[in-house]
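The values are calculated or read from the model by the stated rules, or taken from the named source; none is laboratory data. Computed from a predicted model, the values in this text were never measured in an experiment. Cβ: placed from backbone, ideal geometry, glycine included. Neighbour counts: every protein chain shown.
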């Protein structure tokens with residue numbers, strides 16, 4: 001990947017004496033973005049996971065604690081997404097030292113907002129800052145993929161890519177490509193308080209597919225990409241329709257049809273499931289519509305008896321970043 | 001579609017008194033372009049079909065003659081791709097008059113070079129010139145799709161779109177989007193002298209597909225589109241690999257692996273089957289490599305005992321155009 005695609009702020013600092021501890025924040029993300037299953041994602045301002053990584057002399061990765069809104073995650077590093085990502089980094093670089101990781105989860109488990117990816121990315125960005133020669137962001141991608149596979153059983157980078165680089169990112173099996181979109185484009189993301197396990201959501205996709213489904217979805221993907229590259233909202237509006245995955249997963253999400261309709265009713269460019277669900281997102285060409293839609297989407301979940309949280313963010317959302325401490329207040 | 005995407009030369013003329021007869025040429029094309037099955041195509045300079053369309057008083061479409069390199073096509077307009085396209089135009093516009101069509105085929109039957117599409121497009125472009133108020137090019141697309149369906153049993157516009165607008169075109173079920181590529185990018189297209197019926201080539205695609213195949217192919221499509229939009233040959237080189245359709249159709253094409261390798265050996269951005277085959281194409285970021293590759297590809301077919309024809313064309317190839325007569329010399 002061309003390093004000129006990285007923003008200057010993301011060029012890693014070089015240290016004469018690397019620090020012993022670093023803290024990082026990784027934002028939530030909308031995975032798949034409807035038409036880019038396992039490939040396309042964008043970061044979302046507001047929610048995210050935080051990681052503290054400490055350099056230790058022992059040649060191991062150790063998880064000291066997991067705090068925040070999710071605590072029942074495995075602390076065996078080989079069973080933990082962030083732990084696995086750090087193990088992968090250590091092994092690839094042949095590091096003599098180890099890492100001790102403390103996670104502060106801000107993204108709910110099984111929310112479809114990229115929680116496992118955010119833990120991987122926050123841990124890697126913090127660990128990277130401890131290296132004598134920190135790697136560029138895109139070089140962390142392979143390690144993050146190793147971690148993500150622990151959570152979902154699949155090496156997919158749609159959430160990881162957008163967290164590493166910020167904004168809307170195409171994430172293939174081995175590279176990231178940032179896709180600029182107009183600053184005015186916003187996303188409304190609503191997370192109902194029900195858990196949908198990623199593995200269960202993936203099981204809904206088992207079985208066979210017809211070539212015609214793929215042609216229709218590819219056509220939509222191409223229109224969305226064209227619309228993003230040209231900044232043409234009308235093209236995105238034509239294409240932002242998931243005809244492949246959404247029909248198979250919608251039954252797993254309570255009140256999906258009503259919430260999606262609420263999203264569409266506010267001049268959405270499109271609306272669908274965020275990641276594996278149950279969160280639902282809509283895209284808008286301005287912030288006000290996204291704000292109004294998020295209220296309507298929450299109301300639709302509430303009618304069905306479900307509490308929810310909502311975020312409104314530029315589609316061109318933030319990248320993961322170093323922070324000063326694990327305190328919530330230090331969130332960028 | 002935004003009419004500003006049409007080149008000035010393609011704005012249809014208005015006639016005080018429409019002419020009684022018109023002639024048009026439609027170029028050959030590379031359908032699918034490897035990663036855009038049924039969606040992506042580009043026109044090819046050199047080969048093509050020509051049509052003469054005459055306004056007649058009877059409210060019918062009549063095929064007077066089919067000449068050139070293919071003559072065994074049906075002359076019943078409802079069984080003929082170009083005839084069906086003209087019937088569709090007549091019916092949609094409620095025309096009182098009819099059309100008499102003479103085709104001069106320059107594209108071999110079952111070659112994978114868009115022969116049926118070229119007949120549709122040439123006939124429609126000529127017929128359009130006979131209207132008191134000729135339609136813009138993209139308005140002819142729906143009629144051309146009706147014609148194409150007669151040949152292949154499927155409404156796919158990958159060949160039609162590139163012929164109507166010229167160059168590389170994304171053709172969804174209801175719209176065309178032209179994709180500019182650098183003028184230096186060239187295609188080598190080699191047609192071995194064997195017939196591969198479109199219907200047989202489509203039958204090879206019957207059956208079910210795995211979701212993972214779609215993800216891999218979508219990833220490649222996105223890289224190729226990104227590379228075209230940015231004029232970045234490296235991105236195209238990463239993505240221009242058909243992992244979905246080529247493995248299923250390659251066994252139908254004699255010596256495919258050797259011919260593809262010959263194409264790749266000349267610094268190709270990628271190489272695959274043109275349309276339904278048996279023609280094979282390669283993309284290059286300069287004309288000299290495409291020229292050298294076309295010689296090597298022909299040699300690879302010749303080693304297998306197959307004669308072939310070859311064309312080297314800008315990827316940004318020509319659009320269909322009005323011509324002065326059916327004479328081969330009047331080809332643009």
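Quick rundown of the values:
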read-out	value
Scope region B:131-140; condition under 19 Å from residue B:94 (Cβ atoms) and modelled with pLDDT of 95 or more; matching residues	B:131, B:134, B:135, B:136, B:139, B:140
Condition check for residue B:272: touching a strand residue (DSSP E or B) at 6+ places or on another chain (Cβ under 9 Å) and either surrounded by 16 or more Cβ atoms within 10 Å (Cβ to Cβ) or modelled with pLDDT of 95 or more (or both)	yes
Strands (runs of 3 or more DSSP E) fully within region A:272-332 counting 2 or more residues that are under 24 Å from residue A:204 (Cα atoms), in contact with a helix residue (DSSP H, G or I) (Cβ under 8 Å, 6 or more places away or on another chain) and in the same structural domain as residue A:261 (by TED's automatic domain parsing)	A:280-284
Residue selected from region A:231-240 under the condition closer than 16 Å to residue A:272 by Cα and more than 8 Å from every other protein chain (Cβ to nearest Cβ), by the criterion surrounded by the fewest Cβ atoms within 10 Å (Cβ to Cβ)	A:237
Unique residue being free of Cβ contacts under 8 Å to residues at least 24 places away in the same chain and more than 14 Å from chain A (Cβ to nearest Cβ) when the list is B:264, B:306	B:264
Single residue of A:72, A:133, A:58, A:91 found to be surrounded by fewer than 17 Cβ atoms within 10 Å (Cβ to Cβ) and closer than 19 Å to residue A:164 by Cα	A:133
Residues being within 10 Å of chain B (Cβ to nearest Cβ), under 28 Å from residue A:150 (Cβ atoms) and surrounded by fewer than 21 Cβ atoms within 10 Å (Cβ to Cβ) - total across region A:200-230	6
Test: residue in region B:191-199 that is touching a helix residue (DSSP H, G or I) at 6+ places or on another chain (Cβ under 8 Å), in a helix (DSSP H, G or I) and more than 13 Å from chain A (Cβ to nearest Cβ)	yes
Residue B:169 under 30 Å from residue A:202 (Cα atoms), modelled with pLDDT of 95 or more, crowded, with 24+ Cβ neighbours inside 10 Å and in contact with a helix residue (DSSP H, G or I) (Cβ under 6 Å, 6 or more places away or on another chain)	no
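Residues are listed down the side, and each one gets a yes or a no for (1) under 16 Å from residue A:113 (Cα atoms); (2) in contact with a strand residue (DSSP E or B) (Cβ under 9 Å, 6 or more places away or on another chain); (3) outside the structural domain of residue A:113 (by TED's automatic domain parsing); (4) buried (at least 23 other Cβ atoms within 10 Å of the Cβ):
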| position | (1), (2), (3), (4) |
| --- | --- |
| A:242 | no, yes, yes, yes |
| A:247 | no, no, yes, no |
| A:263 | no, yes, yes, yes |
| A:267 | no, yes, yes, no |
